[in-house]
Every structure is written in C-alpha cells, then in structure tokens.
Amino acid sequence: MKKFIVLIGNYGSGKTEIAINLAVQSASAGKNTLVIDLDKVNDYFRMSDRVDVLRENKVNLVSPTFAGQGVTPSNMSAAVASAFAGDWDLCVFDVGGDSAGAMSLGRYHQDFAALEPAQLEVYDIVNVFRPMSESPEKILKLKEEMEGFARLKVTGFVNNSNLLNFASADDIRQGYDVLKETSDISGIPVMHTTGRKCFLDEFLADGRDARYIGEPIPLETYMHRSWEAFTTLGL
C-alpha cells in the first residue's frame, strides 16, 4: 500500500532533516520513494540544496527550487499530482513552517481525502526550543492553525527537540516531558522521537514510558545551520 507522510511544524523544528532521513531510509530498504518539497518560503534551509544526497540515495525529488529537473513554480502543481498518480511506495511532503506553507497543502485536499486512512500520516514536528513550541498550550495553538490552513488533521507528534551543535540527551528529555503533557491533553500520540544516535541511545536508556516515545528514529545530519542563524535569524 502506498504510504504518505506529511511533515508540518514550526520554523526550525527540523522537518527537512527528518524528511531527508525518512526518504533515505526508505530508499535504502528498496522502496520507490518520492519527496515533495513544499517549503517555498525558507530559501536558506531548503531540501533542494541537498539534491546530491537525495540523488545518490535514489530518492526522487519534486521542488519549486530544483531546476535540475525542470520543475518550476508554474508547473509545480502538476508535479505534485504525480505523488498521487505515480507508482511510489512512500511519498514524504516537507511543508513550510508558516500559514503559506501549510496552505500549499490545502489545494490537494481532495487527493488526500481520497486516500485510505492507513495510507496517510500527518506529523507535527516539535522542537521545544523553538518559539511557539515551548509549552503544550503553544504547541496545540500552532498545530490548530496549521491544520486549518493545510485542511489536514495531525495524526501524531514527533519529538525532535535539540539545540543544534549544542544538542544533548537532555534536549530530548525536555521534549519528552513537554510532549507527554501535550499528548495527554490532546489525545494525539507521540509517534516518533528523533535525534543523533548517541543522544537518542542515552535518552532511551532512561527507560521512560514508550507511549510518549513512539518509534525512535536516529538521524544522520544532512542539513547544517549555524548557531547564529538559529538564534538570531530564527532559521
């Protein structure tokens, strides 16, 4: 059965990093994998800048900034439609972290609505160190705003809490505590916890409740940002 994973979330939450990791892991397992880059807002941190990594790992990419395949904003809609019509095993949608990014999903509402429930996962990627993501109340408020624009309901949270080059297992622990409360309030499960393998392994050794961890996903670092850009520019 063809699987669709839609990643939404705040700026700097790590959607693109997770999208690349999911796609590379899928392709390495022999699955026909497509990534749709709908982040047309943040040119600093876009998936098409890592097209060589995707190509080397046999991942297909549709992106408004990916000139190498002749995909431009004018024919982006037709290219995205190929996700629903093509013979893919997994399609990952990487969505921009604002209303415009989420709204880009809304135009495909009928395509998503035609899917079987088991085919679609909509993950809210949460980094509790980003603005508007520090508390359950802020996370849920932003989630509801994104759902409204995207015309899709979040099916699960992903704990991707980190401080970039200063990351540690304590970051994941803090994200766990916040998302545990968020999940209890909303009834939405935590589907995955992500992080660099060394930190993820240390966190998992705590023996915390698996219901609020989900399936752990160790991440390779494909996207590189500076601490100054993260803290000063909000990227």
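The values are calculated or read from the model by the stated rules, or taken from the named source; none is laboratory data. Keep in mind that this is a model prediction, so the values were computed, not measured. Positions of Cβ are backbone-derived with ideal geometry, glycine not excepted, and every protein chain shown enters the neighbour counts. For accessibility, only protein heavy atoms count, side chains too; no ligands or nucleic acids. Shrake-Rupley method; radii C 1.70, N 1.55, O 1.52, S 1.80 Å.
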Next item on the list: Determine whether Asp171 is over 17 Å from the mean Cα position of the chain (by Cα), buried (at least 19 other Cβ atoms within 10 Å of the Cβ), not hydroxyl-bearing (Ser, Thr, Tyr) and not in a strand (DSSP E or B).
Entry: yes
Notebook entry, point to check: Across the range 11-25, what is the number of residues that are open to solvent by less than 10 Å² (accessible area, probe 1.4 Å) and part of a helix (DSSP H, G or I)?
Noted result: 6
Check: In the range 197-235, what residues are at pLDDT below 95, among the aliphatic types (A, V, I, L, M) and open to solvent by less than 70 Å² (accessible area, probe 1.4 Å)?
Finding: Met223, Ala229, Leu235
Note to self: As an exercise: evaluate Asp94 against (1) open to solvent by less than 20 Å² (accessible area, probe 1.4 Å); (2) out of contact with any Asp or Glu (no Cβ under 6 Å at 6 or more places or on another chain); (3) of a type in the set (D, E, K, R) and give the number of the one condition it does not meet.
What the structure shows: (2)
Checklist line | Matching residues in the range 100-115 - criterion: being open to solvent by less than 30 Å² (accessible area, probe 1.4 Å) and part of a helix (DSSP H, G or I) | finding: Gly101, Ala102, Ser104, Leu105, Gly106, Phe112
Next item on the list: Quickly run through the range 116-139 and pick out the residues that are in contact (Cβ under 8 Å) with a residue 24 or more places away in the chain, among the acidic types (Asp, Glu) and surrounded by fewer than 20 Cβ atoms within 10 Å (Cβ to Cβ).
Entry: Glu116, Glu121, Glu134
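A quick yes/no check of all residues on (1) among the acidic types (Asp, Glu); (2) assigned to a strand (DSSP E or B); (3) at pLDDT 95 or above:
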{"position": "Phe129", "(1), (2), (3)": "no, no, yes"}
{"position": "Met132", "(1), (2), (3)": "no, no, no"}
{"position": "Leu140", "(1), (2), (3)": "no, no, yes"}
{"position": "Glu147", "(1), (2), (3)": "yes, no, no"}
{"position": "Val158", "(1), (2), (3)": "no, yes, yes"}
{"position": "Tyr176", "(1), (2), (3)": "no, no, yes"}
